[in-house]
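A.B. asks: Have a look at this one.
The values are calculated or read from the model by the stated rules, or taken from the named source; none is laboratory data. Every value quoted in this text rests on a predicted model; they were computed, and no experiment measured them. Don't worry about glycine lacking a Cβ; one is built from the backbone with ideal geometry, like all the others, and counts go over all protein chains shown.
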Amino acid sequence: MYSFDRKRPARRVPSRLLAALLLLVLAPACGRAAEDAAEDNAPSGGGSPVVRRVPAAYPSIQKAVDSARPGDTVLVSSGVYRESVTVRTERLTLRGTSRSRTVVDGQFKRANGVTVTGAGSVVENLTVRNHLANGLLFTGVTDEALQGTGAGGSGYERLDTGRFPPLRGFRASYVTAHNNALYGIYAFDSRNGVIEHSYASGHSDSGIYVGQCRPCRTVVRDNTTEHNAVGVEVTNASRALYFLGNTARRNRVGMTVLSDNLESLGPQHRAVFAGNLIADNNDDRSPEQADGGFGVGVGVSGGRDNRFTRNRVEGNRAGAFVLRDEQGRPAVRNRIRHNATDGGSPGLVLRTARAGGNCYRDNGPGLTVPRTLPRTVTACSGGDPALRGSARPPRTGPVPPGVSFREVPAPPAQPGMRDPAHAKARPATGLPGAVEPGSYPLPEPGR
């Protein structure tokens, strides 16, 4: 701040001294500018990775991505970027400086927000919204026409696993996806990945989707999904697949675990669900899915050999766990033990012709449907549990109509990553690392 006092005679400063003073004052700033310039422009072929800044050095995210080499970081400042971005470069980190204010906006005109086909690449600390298909898509399907309308996109075209081998290595961290027509964060034909600390709302299919991988070698942890048709969806995704510490609440359906004969790599099998909160999935102001499911905590349709433990599944009026056949594939050998269900709705609804050794034990006071369960549904070690049966599920009323995905209110700002401007990039290699489902306890009520 300047003060406009009476002027005093200026003292002449010798030119050499003035130059020295200017150097002392400007050296830190010049040094930082030079450091940034070197960081932005250093060769990345055999040298250090480059940070490519948007919009300071590149006018769009896509131009920065297209200029990047493996190991580089594209750092995107706050702003609304009206573009679709495709990441083909391996081990690229695409990062926003502000999770809630760095926004890739489809304007309800473009199909996908960010599509990643480059192995080992990362998307973190930004928002993807208002797209006609998916917010963030990780996929081995490199045909862009299929990404938008077929395998890996909005349709159901059987995956050619020979033509499109899986993307190996991916990570989404601190991503907010909302008001996209189909999926928020979508991992399809991808393996060796992590989806973490992310949020999804307002999707007509599911907030987070993992599909068509075997073995998946993927962890989905510490995410929140709400106000979607389905919070988390798993289709033909099997083995070394973990859902840990997630919250799926106030959707129409909390989680679905599916086998689909129209797609590849079925049947779905051997996924682990531990420490998740799956609550109050009766939201009539969420988008309606095509099959009209409503009020279900966890739906297993044709899935087998899955394990559910230490999950809190409460307040889902049609049932906590619903097991049913799907396209001729029975739900068999699923182990549902040591979860917390409430007494206001069925704990287990069995709609499969063959119980097939499913285990349901120590899951709280919820009723079971039908009243007399097949003995094989209680085939748990330690003897049969004492179950209170019900001849039919309680009346739940008609399924309410949903709303357009465009009408779901935008979410509040979500917590972002620490120091995004300077945090070291961590490419998605060697994932998922050590996985410890036992470290995820039963959630507290209403977490």
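A.B. asks: Restricting to region 264-310, count the residues that are of a type in the set (Asp, Glu) and under 18 Å from GLY438 (Cβ atoms).
C.D. replies: Residues flagged as of a type in the set (Asp, Glu) and under 18 Å from GLY438 (Cβ atoms) within region 264-310 amount to 0.
A.B. asks: Among the numbered criteria (1) in a loop (DSSP other than H, G, I, E, B); (2) surrounded by fewer than 21 Cβ atoms within 10 Å (Cβ to Cβ), which one does VAL272 miss?
C.D. replies: (1)
A.B. asks: Oh, and also: Restrict the check to region 242-253 and report whether at least one residue is over 19 Å from GLU444 (Cβ atoms) and either surrounded by fewer than 24 Cβ atoms within 10 Å (Cβ to Cβ) or of a type in the set (Gly, Ala, Ser) (or both).
C.D. replies: yes
A.B. asks: Please go through region 313-346 and give me each residue that is assigned to a strand (DSSP E or B) and hydroxyl-bearing (Ser, Thr, Tyr), ordered by number.
C.D. replies: Scanning region 313-346 gives a single hit, THR341.
A.B. asks: Considering each residue of region 288-312, count those that are in a strand (DSSP E or B), of a type outside the set (Gly, Ala, Ser) and closer than 9 Å to VAL253 by Cβ, and give that number.
C.D. replies: Initial filter on region 288-312 (in a strand (DSSP E or B)): 296-302, 304, 307-309, 312.
Those left that are additionally of a type outside the set (Gly, Ala, Ser): 296, 298, 300, 304, 307-309, 312.
Next, only the ones that are closer than 9 Å to VAL253 by Cβ stay: 296, 298.
The number of residues fulfilling the criteria is 2.
A.B. asks: Follow-up question, since we're still on this one. Output the residue which, of all residues in region 195-239 that are basic (Lys, Arg) and more than 12 Å from the chain's Cα centre (by Cα), is surrounded by the fewest Cβ atoms within 10 Å (Cβ to Cβ).
C.D. replies: Applying the filter and picking the extreme gives ARG239.
A.B. asks: Can you tell me which residue among THR97, THR117, THR102 is over 18 Å from ALA428 (Cβ atoms) and in contact (Cβ under 8 Å) with a residue 40 or more places away in the chain?
C.D. replies: THR97
A.B. asks: Report every pair of residues separated by at least 6 positions or lying on different chains whose Cβ atoms are under 9 Å apart, first residue within region 296-323 and under 16 Å from VAL399 (Cα atoms), second surrounded by fewer than 24 Cβ atoms within 10 Å (Cβ to Cβ) and hydroxyl-bearing (Ser, Thr, Tyr).
C.D. replies: ARG317/THR396; ALA318/THR396
A.B. asks: For region 164-177, which residues satisfy the criterion of being within 11 Å of the chain's Cα centre (by Cα) and either surrounded by fewer than 24 Cβ atoms within 10 Å (Cβ to Cβ) or outside any strand (DSSP E or B) (or both)?
C.D. replies: Listed by number, the residues that qualify are SER173, TYR174.
A.B. asks: What's the total number of residues in region 178-193 that are outside any loop (DSSP other than H, G, I, E, B) and farther than 26 Å from LEU262 by Cα?
C.D. replies: Qualifying residue count for the region: 1.
A.B. asks: Specify the residue that is nearest to ASN306 (Cα to Cα); the eligible residues are those in region 201-232 that are aliphatic (A, V, I, L, M) and not assigned by TED's automatic domain parsing to the domain that holds PRO401.
C.D. replies: VAL210
A.B. asks: Test of understanding: among GLY46, GLY106, which residue is of a type in the set (Gly, Ala, Ser), modelled with pLDDT of 50 or more and exposed (fewer than 14 other Cβ atoms within 10 Å of the Cβ)?
C.D. replies: Answer to the selection: GLY46.
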